[in-house]
There are 2 protein chains.
Amino acid sequence: MHAQRAYLDYNASAPLLETARAAMLAALDAGGNASSVHAEGRAARRLIEEARGAVAALVGGVAEHVVFTSGASEAASMLTSPDWRMGRAPLRLERLFVAASDHPCLLDGGRFAPENVHRLPVGRDGLLDPETVRAVLAKNAIAGKSLVAIHAANNETGVIQPIAEIASVAKQAGALFALDAVQAAGRIPLDIADLGADFLILSAHKIGGPKGAGALVAASGLVMPEPLVRGGGQEKGHRGGTENVAAIAGFGAAAREAARAVDLMDGVRALRDEAERAIREIAPHATIFGAAAPRLANTSFFAVPGLKAETAQIGFDLAGIALSAGSACSSGKVGPSHVLAAMGHGEEASALRLSLGLATEVGDIERFATALRGIVARGAGQDIRAA
Amino acid sequence: MHAQRAYLDYNASAPLLETARAAMLAALDAGGNASSVHAEGRAARRLIEEARGAVAALVGGVAEHVVFTSGASEAASMLTSPDWRMGRAPLRLERLFVAASDHPCLLDGGRFAPENVHRLPVGRDGLLDPETVRAVLAKNAIAGKSLVAIHAANNETGVIQPIAEIASVAKQAGALFALDAVQAAGRIPLDIADLGADFLILSAHKIGGPKGAGALVAASGLVMPEPLVRGGGQEKGHRGGTENVAAIAGFGAAAREAARAVDLMDGVRALRDEAERAIREIAPHATIFGAAAPRLANTSFFAVPGLKAETAQIGFDLAGIALSAGSACSSGKVGPSHVLAAMGHGEEASALRLSLGLATEVGDIERFATALRGIVARGAGQDIRAA
C-alpha cells in the first residue's frame, strides 16, 4: 500500500467536499425532526429548505418542485412506475422508453411490465440518434401515457447525449421526458427548461455531497409519479419518512459548489487528456470508448487488448490508484458492461474507467501512467497479484 | 428563548449519540463507494458489514437477513406491497392487516388495493385483542397470502402490544407477521425469534443514530417483498442504490448502545412517572392515554380538559421545552390523532406527548412541570403566544 493514494473513481463516488462536510456537521448538531413545530424542528426545516433552493438553482429549477429522496436510485425507482397522478387524478402510464446504456436503476424498468419497456438503441459511439428515437416512439408510444427516461451523460463512458434533441422528439410524440443528470451535474451546464426535461434526477454523492441524498426535480409538478416511500406526508406528500437533514444539508452545499465547478472543467479535461495520451503511448492499440462523441471532461473508459480489467484493477489498487472496471454497482461483482454491449462491443471488451474531479492533480495522472506502464509490461496473462 | 432547552421529544427523533456521531465522521472520512473493489470501497464495505452485525444483534437476528434502507418508512413501504417472492418464484399477497393505531407508513396500506387492507381495531387502552384479531383473520385472511403488520409499541401513547400473542394468531391463520419495532427498540427487549416475527422494521434516528438509515430484518429471508428501490443490485438485490455508509455506520453504533439501554429504562421510567405525577397534581382532570396498559417507560401522552394541544405546544416551546402534539409527521400539520380516534377518543381529545431518553434529567421534568403549571393557569382559551 502507498501512503498517499490517487483516487480516480469520481463517477462511483466523489470525495466529500469540505463545505458539504461542514454543513452536515452543523445539521447533525441541530438535531430535531424537521416536521416538529418546536424550535429544534424548525431549525432542521430551515436547513432543508435552504438546500432545496441550492439544488433547484443548480438546474435552473424551482425549489418547490424539488423532491428530496435517499438517492438517485430511489428517484429513478419513483419515476419508473406506471402509477402517476395529474393533480389528484390518477394517471396511468402505459410505456417506458429507456436508453440501452442507461444506469440499471432506469434500465430495468422498475414497476412497468417488461413488455411495456422499450430500449432505445445507442450507436457505436454511445449516442442516441434522435431519428431512431423518433421512429421507436412513433411505433410504440401512446401520447400522454409514455415516459422517455435517458441519462444526460453516461457513467462509464462519459458520453453526453443530444439531450435537447431527444427531449424535442419525446415532446412531439406526446411523451413525458425524464433526464438522469447524475453524472452530468457539476460537469456540464444543466437548465431544466433549456433542456426540455419534465424531470431531472440528481445524486448528492456524485457532486461531492454525502451518500444518502438525491432529488427528483420536476419542471412543473403538475404530473407526478405516485409516492414510492409512503409515510407521514413529508415532501408535500411525494416522499414520506423523516428527512435526512444532514445529508440534505450536505447536498445543498455540494450543489452550490457544483454550480461553480462547471466553469472549472477545462483543468480537469487537460488532466484527462493527459491520461489518454499516456494510455495511447503505453498501449497503442488501446480503445477509448466514445472518444469521438461529446464526452464529460472528467471520464475516460478504455480497454487494452489482452488486459483483463478485473486483474488490472487489482494491480492499480495495489499501486495506490483507485479506479474501476465498469461501474461500481452490483456489490463488486464484475460482469460484461451492458454499456459496451449496447455500443456494439463484444464481451471481449474488458474496460477500465478513470474518472477525475477538481481535486485531481498532475501527480495522480503521473502515478496512473507509471502503474499502467508496469501492468501492461507484466502482460495481461499473468496474475498481477503475484507480481 | 432559554439558553438551555429541555428536549422531551425522543419519539420524534432522539438526539444523536456521541458514539454514533463518531462512527459517522469516520465513515465520511473513509469515502469510497461500498461496491467498489478498491481499498476505499472495501473500507466502506467493512463499515457497513460491522453495522449489519450490530443491528442484527439488537434484535437477536442474523446479519445476512438485515436489509438496510433509508429509514423505517422505506422499510414499511417495501413490506406493504402485494408483490413478493419466495426464493426466485413470484408470490402475490392478497390481504394486508394493520393495526388501526399503526404509524401512517403501515396504515395507508402501501401498494395494496384499499379493499384488501383490513384494520385491526384497538381497545380504549390502545391494545389489540388477540381474539378479535383471530376473528378478523378467520373472516378475511388467505393462508400463505396475507401479511399482518403491527407496531410493537405506539409512537404516541407508548402502549406495548401483546406481540407474541398476535404473532401466534397470525401464524395460526397462515399469515406472515411483520413488526414495526421503531419505538420499541432500545426500550424493551426484542428477539425476533421469541416474538415470532417474520420481519422487524427499525429506524436509526429513534435510537440515537442518524436520520437516513433504517432496516428491514427478516427472520429467514426465504420469503421477501420485491425490491422497492431498484438499482445496482446492492443489499443482495433487495435494495438498490449506493449505500449511505455514514448513516449505516452511525446506525450500527446506536444499535450497540440501544442493546444496553434496555436495562437502563427504570431510570427513565422514574422520570416519566414523576412527570405524570406533576400532570395529575396540576391538572387533576387530565387523561393519560393508555396508562393502564403496558407502556414504554419513556412515553406519556396526555390531555388536559380545555387545553388545546397546538397552543400549549407553542407555550412549551417558548418556555424552552420541546415536546409534541401527537406525532411529528405530516410537515408540522396538526390534526386529530388517528391513534386516539382508534382508541375511541373523540376529536375533543387534544393531547400532548412527552417522550424521554437516557439523557433526560430531573431538571428537564421540573422545567416541564413549571411550564405546565403556567400554561394551565393562564387558561386554555387564551392565546399563549400573547402571554
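The values are calculated or read from the model by the stated rules, or taken from the named source; none is laboratory data. Given the structure is predicted, the values throughout are model-derived calculations rather than measurements. So basically every Cβ, Gly included, is an ideal-geometry build from the backbone, and we count neighbours across all protein chains shown.
Of the residues B:52, B:46, B:21, B:42, which single one is of a type in the set (D, E, K, R), under 27 Å from residue A:352 (Cβ atoms) and under 28 Å from the mean Cα position of the chain (by Cα)? B:46 is the lone residue from the list that is of a type in the set (D, E, K, R), under 27 Å from residue A:352 (Cβ atoms) and under 28 Å from the mean Cα position of the chain (by Cα).
Screening B:165, B:115, B:156, B:131 for residues that are assigned by TED's automatic domain parsing to the domain that holds residue B:59, part of a helix (DSSP H, G or I), within 27 Å of residue B:298 (Cα to Cα) and acidic (Asp, Glu) leaves exactly one candidate, B:165.
Regarding residue A:148, is this residue more than 16 Å from the chain's Cα centre (by Cα), touching a residue at least 40 places away in the same chain (Cβ under 8 Å) and surrounded by 24 or more Cβ atoms within 10 Å (Cβ to Cβ)? Answer is yes for this residue.
Residue A:232 meets each of the listed conditions (1) over 22 Å from the mean Cα position of the chain (by Cα); (2) part of a strand (DSSP E or B) apart from (2). Here is a check on your reading of the model: is residue B:50 more than 11 Å from every other protein chain (Cβ to nearest Cβ) and of a type in the set (Asp, Glu)? Judged against the criteria, residue B:50 is a match. Can you name the residue in segment B:232-259 that is under 29 Å from residue A:337 (Cβ atoms) and among the acidic types (Asp, Glu) and, of all such residues, is surrounded by the most Cβ atoms within 10 Å (Cβ to Cβ)? Filtering segment B:232-259 for residues that are under 29 Å from residue A:337 (Cβ atoms) and among the acidic types (Asp, Glu), the one surrounded by the most Cβ atoms within 10 Å (Cβ to Cβ) comes out as B:243. Residues in segment B:175-206 that are over 16 Å from the mean Cα position of the chain (by Cα) and in a strand (DSSP E or B) were compared, and the one that is nearest to residue B:155 (Cα to Cα) is B:177.
Considering segment A:166-183, and only residues there that are under 14 Å from residue A:93 (Cα atoms) and out of contact with any helix residue (DSSP H, G or I) (no Cβ under 6 Å at 6 or more places or on another chain), the residue that is surrounded by the fewest Cβ atoms within 10 Å (Cβ to Cβ) turns out to be A:174.
The residues in segment A:179-224 that are within 14 Å of chain B (Cβ to nearest Cβ) and closer than 22 Å to residue A:357 by Cα can be counted, and the count is 18.
Search segment B:66-85 for residues being more than 11 Å from chain A (Cβ to nearest Cβ) and more than 19 Å from residue B:192 (Cβ to Cβ), and hand back the single one that is farthest from the chain's Cα centre (by Cα). Restricting to residues being more than 11 Å from chain A (Cβ to nearest Cβ) and more than 19 Å from residue B:192 (Cβ to Cβ), the top hit is B:85.
From the list B:125, B:129, B:191, which residue is farther than 30 Å from residue A:226 by Cα, acidic (Asp, Glu) and without any contact (Cβ under 8 Å) to a residue 60 or more places away in the chain? Step by step, each of B:125, B:129, B:191 is checked, and only B:129 is farther than 30 Å from residue A:226 by Cα, acidic (Asp, Glu) and without any contact (Cβ under 8 Å) to a residue 60 or more places away in the chain. Taken residue by residue, segment B:139-152 has no member that is closer than 17 Å to residue B:344 by Cα, in a helix (DSSP H, G or I) and out of contact with any Cys (no Cβ under 7 Å at 6 or more places or on another chain).
When the test is whether a residue is facing another protein chain (nearest Cβ under 7 Å) and touching a His at 6+ places or on another chain (Cβ under 7 Å), residue A:13 passes it. Residues that are more than 14 Å from chain A (Cβ to nearest Cβ) and assigned to a helix (DSSP H, G or I) were ranked within segment B:53-65; the one that is farthest from residue B:259 (Cα to Cα) is B:65.
The set of residues from segment B:275-318 being of a type in the set (Gly, Ala, Ser), over 25 Å from residue B:264 (Cβ atoms), assigned to a helix (DSSP H, G or I) and out of contact with any Gly (no Cβ under 8 Å at 6 or more places or on another chain) comprises just one member, B:312. Residues that are at pLDDT 95 or above, β-branched (Val, Ile, Thr) and surrounded by fewer than 17 Cβ atoms within 10 Å (Cβ to Cβ) do occur in segment B:123-136, at least one of them. Restricting segment A:318-330 to residues that are crowded, with 18+ Cβ neighbours inside 10 Å and at pLDDT below 95, the residue that is farthest from the other protein chains (Cβ to nearest Cβ) is A:326. How many of the residues in segment B:228-254 are in contact (Cβ under 8 Å) with a residue 12 or more places away in the chain and either within 8 Å of another protein chain (Cβ to nearest Cβ) or in contact with a strand residue (DSSP E or B) (Cβ under 8 Å, 6 or more places away or on another chain) (or both)? Adding up the residues that qualify gives 18. Could you list, in sequence order, the residues of segment B:12-46 that are crowded, with 24+ Cβ neighbours inside 10 Å and part of a helix (DSSP H, G or I)? Within segment B:12-46, B:20, B:23, B:24, B:27, B:41, B:44 qualify.
Under the condition of being within 16 Å of the chain's Cα centre (by Cα) and either within 14 Å of chain A (Cβ to nearest Cβ) or outside any loop (DSSP other than H, G, I, E, B) (or both), the residues counted in segment B:88-107 number 8.
Within segment A:275-288, residues that are touching a residue at least 40 places away in the same chain (Cβ under 8 Å) sit with their Cβ atoms under 8 Å from residues that are of a type in the set (Lys, Arg), at 6+ positions apart or across chains, in these pairs: A:282/A:373. Scan segment A:245-261 and tell me whether some residue there is outside the structural domain of residue A:11 (by TED's automatic domain parsing) and either acidic (Asp, Glu) or outside any helix (DSSP H, G or I) (or both). There is at least one residue in segment A:245-261 that is outside the structural domain of residue A:11 (by TED's automatic domain parsing) and either acidic (Asp, Glu) or outside any helix (DSSP H, G or I) (or both). Of the residues screened, residue B:198 is not one that is touching a Gly at 6+ places or on another chain (Cβ under 8 Å), over 22 Å from residue B:11 (Cβ atoms) and charged (D, E, K, R). Against the conditions (1) surrounded by fewer than 19 Cβ atoms within 10 Å (Cβ to Cβ); (2) of a type outside the set (Gly, Ala, Ser); (3) in contact with a helix residue (DSSP H, G or I) (Cβ under 9 Å, 6 or more places away or on another chain); (4) in contact (Cβ under 8 Å) with a residue 12 or more places away in the chain, residue B:222 satisfies every one except (3). Could you check segment B:79-122 and list, in sequence order, the residues that are in contact with a Ser or Thr (Cβ under 7 Å, 6 or more places away or on another chain), closer than 16 Å to residue B:226 by Cβ and in contact (Cβ under 8 Å) with a residue 60 or more places away in the chain? Matches in segment B:79-122: B:93 only.
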